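To keep things clear, I will list the structure first and then write my remarks on it.
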Amino acid sequence: MRIPKTPIQTSWRADWLSEFSIALIALAFLAREVTFGVVGAGILLVLASLGLLFHRRLEILRRELVVAKRLPKARTFLGDSIEGELTIRNGSRLAARILAVRPVVERGLSVKLSPSFNQLLRPDTASSSKFEITSLKSGRFRISGFTLAFTDSKGLFTGEVNYEQADWVEVYPSVRTKAPITPLRLYGGRPEIFRKGPAGMDYAGVRQYVPGDEHTRVEWKATARLQTLMVKEFHPETQTTLQILIDAGRTMRQQSYVETRLDEALAVAQLLIESATGSVDRVGISVYNETGVLSAAKPAPPEEQRASLREFALFFEKATGKRSVSFVFHPATIWHGRLGRANGERLLAFMRLLEPKLRLGYRKTGVYRALAEATSMDPESLSIILTDLETNNDSIAEAASTQLKERVIVAQIGATWRLSGTLEDAYAEYQRNGRKLQRLQQMGLIVFDVSPERVIETVSTEVIKISTAASRW
């Protein structure tokens, strides 16, 4: 709980002591026992005194602590990193218990301390830590400073102090070439997925026939001239914005069909952008993890988003490397192994009973924030979430419940049961995955798990259904 008009927050110990003292005072009033009231009031008085002393300590540390950073260079290429050093010197006569140091930077820039600050800094001493700056995209980014979190000796209060040190970092587009994110043939090449949807009356030209086109659109003169079946194409009646949300959480680093699940999600996003060229007005990209949005590219013509997606791919290649492929098990798998599958399912069912109390927690996850930001840019946009559905499923449902569910498509990438070693394990995982999909579908979400070569085809089918329904409405 934050104390009003102060940067101080109480810990669970202080909250427990406060509630205990209030209970004693209430008991003294009901039982007419003065002793209980005196003890309760004494505890509150001691807490107030310690809070006041901690507030004064923060004011002293704000003036006496010296935070200095050394940044050898301020320019780099995308995919590379900048290493620097952060030094904190305690010039006061008080010991500073530092919980953490958080850099204040613009979105798109990531700063990681190694080792992280979590120590007692005694008077007239200093401590240093290396930090590494990486970026998800090219551009000029501002480093505003650092926020230090302190605590008192009893662990009753915590407080933050901001130290402003403005600086700029410039990230240039990478000059390196990158191999294909993953073999695109795995996902069926480049179908013209968005060109079968409803069109308007404005003539746009002719194009080659695609299976599924209406026969009334055939352009016979062009067909006879080019000796191949051609169809007329019309501009859509309404502008269409496609939002692609890519899950970059820790479970997406698991080995999948080719490379990792994240690599395959990037490949699917690349195919979606290429297929949308000339058919969708704007495409937006958001990359998120468990806690927040890592980077986002605002809606722009599909041709412009190819470079943004390549920048994201270069960043993840640099940040993770080939050796980062790991096998992370879902908590349900661990419960099934230790408690048995039946008990594990009961435990999951019990946890789902707590959902009403966890709704506020769902809104702090990365997928909720990414979907909320995408919808705020264009409420009528169509969102496609590329995820393995291993984490934050309830957050997806909670986010979609506040938006237009019928305009959210969830495509599962690298389902576990498709990669299981034995038939028995594959069947067990298939059943668990089916219950997961069914639960999300019952909430009104469009969610599917199909073989890799059918991902783009299935997405196109759902997009056409949504576009047709919107045009009829």
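Across the range 159-169, which residue is nearest to LYS73 (Cα to Cα) among those that are touching a helix residue (DSSP H, G or I) at 6+ places or on another chain (Cβ under 9 Å) and surrounded by fewer than 20 Cβ atoms within 10 Å (Cβ to Cβ)?
Looking at the filtered set, the residue picked out is TYR163.
Do we have any residue at all in the range 255-269 that's outside the structural domain of VAL206 (by TED's automatic domain parsing), free of Cβ contacts under 8 Å to residues at least 24 places away in the same chain and in contact with a strand residue (DSSP E or B) (Cβ under 9 Å, 6 or more places away or on another chain)?
No: zero hits.
So SER401 clears everything in (1) modelled with pLDDT of 75 or more; (2) surrounded by fewer than 17 Cβ atoms within 10 Å (Cβ to Cβ); (3) under 19 Å from the mean Cα position of the chain (by Cα); (4) polar (S, T, N, Q) except one condition, right? Which one?
With respect to (1) modelled with pLDDT of 75 or more; (2) surrounded by fewer than 17 Cβ atoms within 10 Å (Cβ to Cβ); (3) under 19 Å from the mean Cα position of the chain (by Cα); (4) polar (S, T, N, Q), SER401 is out only on (1).
Could you pull out every one of the strands (runs of 3 or more DSSP E) wholly within the range 38-117 that has 3 or more residues that are over 21 Å from ASP15 (Cα atoms) and β-branched (Val, Ile, Thr)?
82-90, 96-105
Anything in the range 72-94 that is aliphatic (A, V, I, L, M) and under 10 Å from TYR172 (Cβ atoms)? List them, or say none.
The answer is LEU78, and nothing else.
Scan PHE29, PHE36 and give me the residue that is crowded, with 16+ Cβ neighbours inside 10 Å and among the aromatic types (Phe, Trp, Tyr).
Of PHE29, PHE36, the one residue that is crowded, with 16+ Cβ neighbours inside 10 Å and among the aromatic types (Phe, Trp, Tyr) is PHE36.
Looking at the range 434-461, which of its residues are assigned to a helix (DSSP H, G or I), crowded, with 16+ Cβ neighbours inside 10 Å and touching a strand residue (DSSP E or B) at 6+ places or on another chain (Cβ under 8 Å)?
Within the range 434-461, LEU437, LEU440, VAL455, THR458, VAL459 qualify.
What are the pairs with Cβ atoms under 6 angstrom where one residue, in the range 359-375, is more than 10 Å from GLU398 (Cα to Cα) and in the same structural domain as ALA248 (by TED's automatic domain parsing) and the other, located anywhere, is of a type in the set (Asp, Glu) and at pLDDT 70 or above? Sequence gap at least six, or different chains.
Final answer for the pair search is GLY366/GLU290.
Suppose we filter ARG75, ARG56, ARG93, ARG63 for residues that are surrounded by fewer than 16 Cβ atoms within 10 Å (Cβ to Cβ) and either over 24 Å from ASP152 (Cβ atoms) or modelled with pLDDT under 85 (or both); which single one remains?
Going through ARG75, ARG56, ARG93, ARG63 in turn, just one is surrounded by fewer than 16 Cβ atoms within 10 Å (Cβ to Cβ) and either over 24 Å from ASP152 (Cβ atoms) or modelled with pLDDT under 85 (or both): ARG75.
Looking only at the range 128-146, decide whether some residue is closer than 30 Å to LEU53 by Cβ, at pLDDT below 85 and out of contact with any helix residue (DSSP H, G or I) (no Cβ under 6 Å at 6 or more places or on another chain).
No, the range 128-146 contains no residue that is closer than 30 Å to LEU53 by Cβ, at pLDDT below 85 and out of contact with any helix residue (DSSP H, G or I) (no Cβ under 6 Å at 6 or more places or on another chain).
Give me the residue from the range 450-461 that is touching a helix residue (DSSP H, G or I) at 6+ places or on another chain (Cβ under 8 Å) and in contact (Cβ under 8 Å) with a residue 40 or more places away in the chain and, out of that set, nearest to ILE384 (Cα to Cα).
VAL459
The values are calculated or read from the model by the stated rules, or taken from the named source; none is laboratory data. The structure presented is a predicted model; accordingly, all values stated were derived computationally and were not measured. We place every Cβ from the backbone using ideal geometry, glycine too, and count neighbours over all the protein chains shown.
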